[in-house]
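Structure record follows, encoded as structure tokens.
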Amino acid sequence: MLDPYYRTLKGFQDIIEKEWLAFGHKFTDRCGFLGSVDSKEISPVFTQFIDCVWQMTQQYPCAFQFNERFLLTLHDHVYSCQYGTFIGNCEKDRLDLRLAERTYSLWGYIHKYMNDFINPIYLKENMATKRSGLLFPNTSPQVFRFWRGMYNRFDSGVHPREEILDTLASGKEHSSSLEDHIRLLEMRINDLCKRMGISEDVIQRKLQGFLSMDSLDGVLLAESNEENCGERLTSTSLPLTKSFDSDNNHTAGKSDTESGFDESSSQLSRSGFEDGLGSSTISLTGVLGNSEPLTRAQFQVELSSVAVDWKPLRNVQNCSCAYSFEHFSKKYHCWKCGEVFCIRCIAAHMPLPGHFPKRHAPVCKSCYTQLHSISPIHEIASHVAS
């Protein structure tokens, strides 16, 4: 309540390690583990603490970086003993049992799946606490709510058909994917316009209706004919493999600045973007530093590698592997095909050709195999991974 830092994932981890683990909360006795001696020592103190935190998240939904799934995961693994983080009554017990050597840490698991535990409506500077950073929860009895996610988790009839925060998180990821895709398309269009000698003002007027690639080809041909640039399109192969000279670089930089691109984006547009995606007609400098030609077919690969429409989470009851989704089961979207999968079917992450920058995105097994069937993708993936 006092410090906003402890309402973040890292801060909450610190407060657990300091006030509960290092301070000596007797998890073995309080949770009734097999090593406990006296059954009268059993007490749900930690459960009450987690419940109190959840109550505060309901009153201040934008003040906490973590979501309900994080609290449930933390509580579940206190009792599961799957990780050695909460085993033992004190730090000495954990050292004697050599838990750091013999077990895994729960914090490593949470860090690996960090995106699953992020609150999509979290505001670092919450308007309700902007002045002092303090929280003043209402302690009136009628304000406290029953946590059905904790105490009726597996009673499917009492839960809504979809979780609001999961829907918001999915929409946020979808928007992020589309923004990366738009950024790449803008760079492609900008580069093609400069190579064909078409002014950006003309192309921007024609792009107001979100034209398709086929109609864009017609626009480019029409404008080039109007500007007597037919000699640039005498061959369908568009042999534009000559690199820019200093004058062309100066002109390209000016047009990038006027169109709203920053200097780094302009540099990438001038030098090109993708490399090694097949035989080519247009020479673009790729992310690996070498210049490889790019064909219209490879443009199509970039377009098809990003799902524009994602399947809604609402009516998805089962994964393609026949796994049945419970209410609190995390559902994952494949960023390439837009379908919904479980965590086992979407464990692969790789950069998509249609994204800029090339950050790793979750894809299903079939899409992962399909993308890796294009040999140059292996080079891009290995380069980004390194």
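Note the per residue figure in Å³ for the convex hull of the C-alpha positions in segment 11-90.
Details: hull volume 6.9 nm³, N = 80.
Convex hull volume per residue, Cα atoms: 86 Å³.
What is the Cα centroid distance between segment 298-373 and segment 12-90, reported in whole angstrom?
33 Å
For residue 361, what residues show an amide H to amide H distance below 5 Å, using hydrogens built from the backbone and excluding near sequence neighbours?
350, 352
Over the Cα atoms of segment 4-159, how large are the radius of gyration and the largest Cα-Cα distance (Dmax), in Å?
Expressed in Å, the Cα Rg and Dmax of segment 4-159 come to 16.8, 49.
Just so you know, all these numbers are worked out from the coordinates, no wet-lab data involved. Just so you know, these numbers come straight off a predicted model, no measurement behind them.
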